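Visitor: Can you read through this structure? Questions will come right after.
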Amino acid sequence: MTIKGKSILLGVSGGIAAYKAAAVCSKLAQAGAKVNVIMTESATKFLAPLTLQTLSRNRVVTDTFDEQDPAVVSHIDLADHADLVLIAPATANVIAKLAHGLADDMLSTTLLATTAPILVAPAMNVHMYAHPAVQANMDLLRRRGVRFLEPGEGQLACGYVGKGRLMEPEEIVAAVQAFFTPDRTLQGKRVLVTAGGTIERLDPVRYLTNDSSGKMGYALAEEARAMGAEVVLVSGPSALPVPAGVELVPVQSAEDMKTAVLDRLPALDLVIKAAAVADYRPEVTADQKIKKKDEVLTLRLVKNPDILQMVGERKQPGQLVIGFAAETENVAGYAMDKLVRKNCDLLVANDVSKDDAGFGTDTNIVTIFDKNGVVEELPVLAKQEVARRILKLAASRMSQPGGGTS
Ligand code: PMT
């Protein structure tokens, strides 16, 4: 799929990098996209609307109240018809407005009215970009699924050297192309994902478990399927809907999960263990409900099998194994220890002491390790986006000679 025929709403805000919007607009139009442009008033101080009108072959809108067609309300019409909204360049101001829901001009009003995906290419002074307020606004937007095109480093128009340069127009257009090009790099691969928490029964009505909701594992299963893989999801109890096209294998205990995973292991290309498996289980599971008697009830727990370690031991050449590590301290140290001990190819560490990471949240903050150390350190992102990044990395490792496995 290309961007031919796609409706792209280009938002241009007021920074010196606005001049590069002309190249972005031109390249998108040349690639066959239908480009509508909204400029903020400050953007018009850097670039004439006529330039973008000529390049896009569409009227450029700058004023919310300049309604040219009585049949429609402009900002709703533009918002409704966009397949993608691209803001390039995005100033600190437009990012703040989007984060906080301000709607005081045509661009910010349309951004609130659209349900289309939003891609933001920031451009600003290095200190502005690093400012905690700007970073916090970007984090908030990432959590809502807004994607960012990282600014480059180099000489800035303000005289500083550092991060804040608008991504080059060619790269922006490539990112837009990639957005509309489904990634099928896991086509033909068999992937098993574990998700959720196991439950370890004390008696017929009580059990030990943890706070895992399954969101991270379900996101991985859904994205792996979208990338063309045949996906089995081995899940502890979860309230989440099973992603379309994914085979669910529901399990309860760590022992059940072990059997479900090891039985399928020989046929798999990729195993991702996002489940929070109970390390211990009650030594005895009572057949009948345990009755209240003494002041103190002592439970004896015995160690569960370490499924990931068993997978690591049985791994065949060409199979890629990804573990997770939920840590609250010394994240890198414990993560590397687990990676080596459990013979994983990649290990995704989340610091679950952080508010936006780990159990139950819609977002995660992860660092991905391989045997040489940190491979990628990701900012706070929606779990769906974290899943995409992990799977892209896995797909690239699997495409290397020898399957990228160790
Ligand atoms: O489900 P969510 O609410 O979205 O939360 C996501 C998550 C926090 C559960 C997930 O991101 C995560 O970190 N999963 C791993 C949690 C965990 O159990 O970490 P661990 O450090 O205890 O275990 C390390 C690895 O060994 C994990 O891949 C785990 O699946 C595996 N393991 C652990 C124990 C065991 N007996 N068998 C295992 O296979």
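The values are calculated or read from the model by the stated rules, or taken from the named source; none is laboratory data. Since we're looking at a predicted model, the values are computed, not measured. Every residue, glycine as well, gets a Cβ built from its backbone with ideal geometry; the counts of neighbours run over all protein chains shown. Please note that ligands, DNA and RNA were not included when accessible areas were found on the heavy atoms of the full protein model with its side chains. Shrake-Rupley method; radii C 1.70, N 1.55, O 1.52, S 1.80 Å.
Visitor: Ignoring ligands, DNA and RNA, what percent of the accessible area of the chain is carbon or sulfur (1.4 Å)?
Guide: Answer for the chain: carbon and sulfur cover 52 percent of the accessible area.
Visitor: Please determine, in degrees from 0 to 90 and to the nearest 10, the orientation of helix 383-399 with respect to the longest principal axis defined by the Cα atoms of the chain, where the helix direction is its Cα long axis.
Guide: For 383-399 against the chain, the angle is about 80 degrees.
Visitor: Continuing with the same structure: Among 369, 260, 352, which residue has its Cα positioned farthest towards the positive end of the charge dipole of the chain, with +1 placed on the Cβ of Lys and Arg, -1 on the Cβ of Asp and Glu, and the dipole taken about the Cα centre?
Guide: Checking the options against the dipole of the chain, the answer is 260.
Visitor: Cβ under 14 Å from residue 205's Cβ, residue 205 left aside: what net charge do those residues give with Lys, Arg +1 and Asp, Glu -1?
Guide: With Lys, Arg at +1 and Asp, Glu at -1, the net is +2.
Visitor: Averaged per residue, what accessible area in Å² does the chain show with a 1.4 Å probe, protein chains only?
Guide: I get 47 Å² per residue for this part.
Visitor: Give the Rg (one decimal place) followed by the Dmax (whole number) of the range 7-179, computed from C-alpha coordinates and expressed in Å.
Guide: Values for the range 7-179 (Cα only, Rg and Dmax): 14.9, 49 Å.
Visitor: Stick to Cα atoms and the Kirkwood definition of Rh, then tell me Rg/Rh for the chain.
Guide: 1.06
Visitor: Now for a separate question. Can you give me the distance in nm between label points at residue 31 and residue 297, each placed 7 Å from the Cα along the Cα-to-Cβ direction?
Guide: Going from the residue 31 label point to the residue 297 one covers 6.1 nm.
Visitor: Of the peptides 228-240, 196-208, how do they stack up when ordered by the mean number of other Cβ atoms within 10 Å, highest first?
Guide: Order by mean packing, descending: 228-240, 196-208.
Visitor: Can you give me the angle between helix 331-341 and the longest principal axis of the chain, using Cα atoms only, in degrees from 0 to 90, rounded to the nearest 10?
Guide: The helix 331-341 is inclined about 50 degrees to the chain.
Visitor: Kindly rank 244-255, 283-294, 92-103 from highest to lowest mean number of other beta carbons found within 10 Å of each residue.
Guide: Top to bottom by mean Cβ count within 10 Å: 92-103, 244-255, 283-294.
Visitor: Just order 215-225, 311-321 by mean Cβ neighbour count inside 10 Å, highest at the front, would you?
Guide: The densest-packed peptide leads the list: 215-225, 311-321.
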